Protein chains: 2
Amino acid sequence: MKIAVLGGDGFCGWPTVLHLSDQGHEIHIIDNLSRRWIDTELGVQSLTPMDSIQERCRIWKQETGKELHFHLLDLAREYERLRGWLSDHRPDAIIHFAEQRAAPYSMKSDRHKIYTVNNNVNATHNLLTAMVETGIDAHLVHLGTMGVYGYSSVGAPIPEGYLDIEIDTPDGKKAQEILYPTRPGSVYHMTKSLDQILFQFYAQNDGLRITDLHQGIVWGTHTEQTRRHEQLINRFDYDGDYGTVLNRFLIQAAIGYPLTVHGTGGQTRAFIHLQDSVRCIELALADAPRAGERVRIFNQMTETHRVRDLAELVAKMTGTEIAWLPNPRKEAAENDLVVENAQFLALGLNPTTLQEGLLDEVVEVARKYAHRIDRKRVPAVSAWTKDIAKRVETDPEGKRLKSAS
Amino acid sequence: MKIAVLGGDGFCGWPTVLHLSDQGHEIHIIDNLSRRWIDTELGVQSLTPMDSIQERCRIWKQETGKELHFHLLDLAREYERLRGWLSDHRPDAIIHFAEQRAAPYSMKSDRHKIYTVNNNVNATHNLLTAMVETGIDAHLVHLGTMGVYGYSSVGAPIPEGYLDIEIDTPDGKKAQEILYPTRPGSVYHMTKSLDQILFQFYAQNDGLRITDLHQGIVWGTHTEQTRRHEQLINRFDYDGDYGTVLNRFLIQAAIGYPLTVHGTGGQTRAFIHLQDSVRCIELALADAPRAGERVRIFNQMTETHRVRDLAELVAKMTGTEIAWLPNPRKEAAENDLVVENAQFLALGLNPTTLQEGLLDEVVEVARKYAHRIDRKRVPAVSAWTKDIAKRVETDPEGKRLKSAS
């Protein structure tokens, strides 16, 4: 297949590019390289030394003989070029990672909120409009997030995208299928909730064939392909904005930095290893909906864990202490989370779970590049509201939390 | 109160401005005048001769002694100026009409789709962000639409914003309140569905006080205040993009143009007279939610009618014939619609219904300005998909429809 990978230079995008190229697909990376610019803005860098996208593509060709085509293009700001590209290349499938994807970054300031909404909504909507306009029949696979649902469920398993409800009518109860209600907890998560409405409309009005993957928190850094050459190495974020919880614990452990648990650590989240993430995308690609079908929605996760349990696991494994800090986010202190993922299991996903030595692998990577870490960038500082910012500022080390416990 | 009316130069905005000014509020109109630019783009004009906003404000001052403050500002593109304005003026309430509001315009071409999403989402989101950033405690009243729900309900009355459902959990059924599921049928309606998610988030995260009015199709043109002087007259659209169904029938009748019914005319819609619309806004303003409360949602409509019944009513009243045309929209041919509006009735709304001579008034206005009508601009030409466009193009007069019936 000819596949366009939008955001193919990113943390999930790059391993996906390599995985699909390895399988013999013709891969076109479309990326505006905004994530590299944000590194520059924040003054942080990937733990792993990452080459330019052009250099990475060159190495992949050298190692495998397979060509990766890179196109510098801004989906949200260059609609005409996007439409022209789709019209010229007519891909069979489009994988859409091209959105600002960090909740803390999306909450940093008014400018970051506005950037995230403007960028993400327009990127997705421009893409959908261009697909309609060019009349291409590509299967669109989008990376969404479990976070659209928020974490205050009533204890029922979160189904895959849809919910059957009954409505009282004058003729008795009638069944109706609805999109599972979303309640996003950050501006970033909110944009994925908006995407869901865009997809529903364009599938219904124009018969676009769309799969939306509601992904859990990705951990790990290597895949089979990124291991093949030092210069194919994947991005690995450790900073308070882009680092995700389990990867951050592993890096903190590697450099002897106390594991930063915010609040009680009672937040339960869904997780998936990077290798499974790229495998899920492969499975979703092969299972395309037909035109006129509703949007196909998968929960792309393999296990759920409570944050403090993860911290305790990593602490035990590495001897690192835990720092209990005030929570800069506005969220429930404790929540349960049960998630259905029967669809991917049925398609053949064989989950990689936490207990398989992969934690060690990440710690190894972190130790290898520990000299590249700026310890001042480890704390999470983006607060969800001005009130929370004040609270965190006056008590950065969680002294009140400690005295209360 | 000091009230900012965003989009205060528009069809609903202007009568709202006058109504609230008349009640003694200090009114600030914020508008980018985009609706006037769209008239220029389309080469159509309001049936009624409309003066500039500055001239209208001058006449109102002359007639009533009351000042209207006009600020030319683009919400979607001038965030910094918006924030500065809010910070300087700190209004007590903000009424937000400032979105592209025609479904056919939003479906005209890829450019129009992109403009509508970009403009509407960024206008609303910039406003919400600026409210948070300036810390003002204004009550935000937004004009939404009944159209977010689509028109394929199972026959149950559409409640006001929320739906109580039961979810199966391991501990038995649990009640949960959700936003009533939306299924918008055009890009325009979709943007109002997106707005709803934005409001939910900012009410929850930042305690913004928000009321969302899900309005039916507005008909009529005068209010008590617009009648006071020829130069205070309201905009009145008759073209296929901006004219709304009942007003269009009345204008068509006034100029002897066959009443354009698309499809079977079996579409049932919610309606409200312009005078009731401004009264509803007054009532909603006085009933502000508290910080931390969920978004207050009202169905702002007073009656439902089937389109062909309206056509037949106007035909009978005026002797005009009906033209049965192919439907350029993608929508159910026939639907029922029951809508709850108990909240506004409880607050004291006394509905103006179709049977009160107001139809005659609109026909009067239309006859008075009939010489300003370009008959070529009466047909609705924006098709919802390329396939529909082809079908309508090859059969513009609905001959196949006629032979089939």
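What to note about this one:
- √(5λ) per eigenvalue of the Cα gyration tensor, segment B:292-379, largest first, Å: 31, 20, 15
- Copies compared at B:Gly319 - label distances in nm, ascending, label defined 7 Å from Cα in the Cβ direction: 10.2
- Rounded Å value of the spacing that divides the Cα centres of segment A:208-255 and segment B:154-220: 35 Å
- Within segment B:303-397, GluC sites (Glu not before Pro) in DSSP loop having at most 14 other beta-carbon neighbours inside 10 Å: B:Glu321, B:Glu356, B:Glu397
- Chain B pair-distance distribution - Cα-Cα, 20 Å bins, rounded %: 27, 59, 14, 0
- Across segment B:257-405, the mean sequence separation of Cα contacts (distance under 8 Å, 6 or more residues apart), normalised by length, yields a relative contact order of 36 percent.
- Whole-Å semi-axes of segment B:53-149's equivalent ellipsoid (Cα gyration tensor): 26, 20, 13
- Calculated log₁₀ intensity ratio I(q)/I(0) where the Debye formula runs over C-alpha points of the protein assembly as shown, q = 0.08, 0.11 Å⁻¹: -0.72, -1.27
- Sparse-neighbour loop sites [trypsin sites (Lys or Arg not before Pro); segment B:74-140; at most 15 other C-beta within 10 Å; DSSP]: B:Arg77
- From largest to smallest, the equivalent ellipsoid semi-axes obtained for segment B:220-273 from the alpha-carbon gyration tensor read 25, 14, 9 Å.
- Karplus (6.51, -1.76, 1.60) ³J(HN,Hα), θ = phi - 60°, over segment B:329-345, in Hz, Gly and Pro reported as x: 8, 9, 7, 4, 5, 9, 8, 9, 8, 10, 10, 7, 9, 4, 5, 5, 4
- At 7 Å out from Cα toward Cβ: B:Pro396 inter-copy label distances (nm, ascending): 7.0
- Of A:Gln100, A:Gln300, A:Gln343, the one that fluctuates the most in a GNM where chain A has Cα springs shorter than 10 Å: A:Gln343
- Relative counts (whole %) of C-alpha pair distances in segment A:111-216, using bins that are 10 Å wide: 13, 39, 31, 14, 2, 0
- Assigned charges on the beta-carbon of Lys, Arg, Asp, Glu; the protein assembly as shown dipole about Cα centre (debye): 1040 debye
- Max-minus-min Cα coordinates of segment A:173-309 on each principal axis give 56, 40, 23 Å, with the largest extent listed first.
- Mean separation of Cα contacts under 8 Å, 6 or more apart, over the residue count of segment B:2-404: relative contact order %: 19 percent
- Using the alpha-carbon positions of segment A:326-377, Rg (one decimal) and Dmax (whole number) come out as 17.5, 44 Å.
- DSSP-loop GluC sites (Glu not before Pro) across segment B:166-227, with at most 14 other Cβ within 10 angstrom: B:Glu224
- Rg to Rh, two decimals, where segment B:1-126 supplies the alpha carbon set and Rh follows Kirkwood: 0.98
- Enclosed volume per residue, in Å³, of the convex hull spanned by Cα atoms of segment A:192-245: 132 Å³
- Reducing segment B:282-358 and segment A:52-110 to their Cα centroids gives an inter-centroid distance of 46 Å.
- For B:Tyr162, the residues 5 or more places off, or on other chains, whose built amide H falls under 5 Å of its own are B:Tyr180.
- Rounded to the nearest 20 debye, the dipole magnitude of segment B:2-404 is 1160 debye, with +1 charges on Lys and Arg beta carbons, -1 on Asp and Glu beta carbons, and the Cα centre as origin.
Laboratory data are not the source of any read-out in this text; all were calculated from the coordinates shown. Quantities reported herein were computed from a predicted structural model and do not represent experimental measurements. Reconstructed Cβ throughout: ideal geometry from the backbone, glycine too, with neighbour counts over all protein chains shown.
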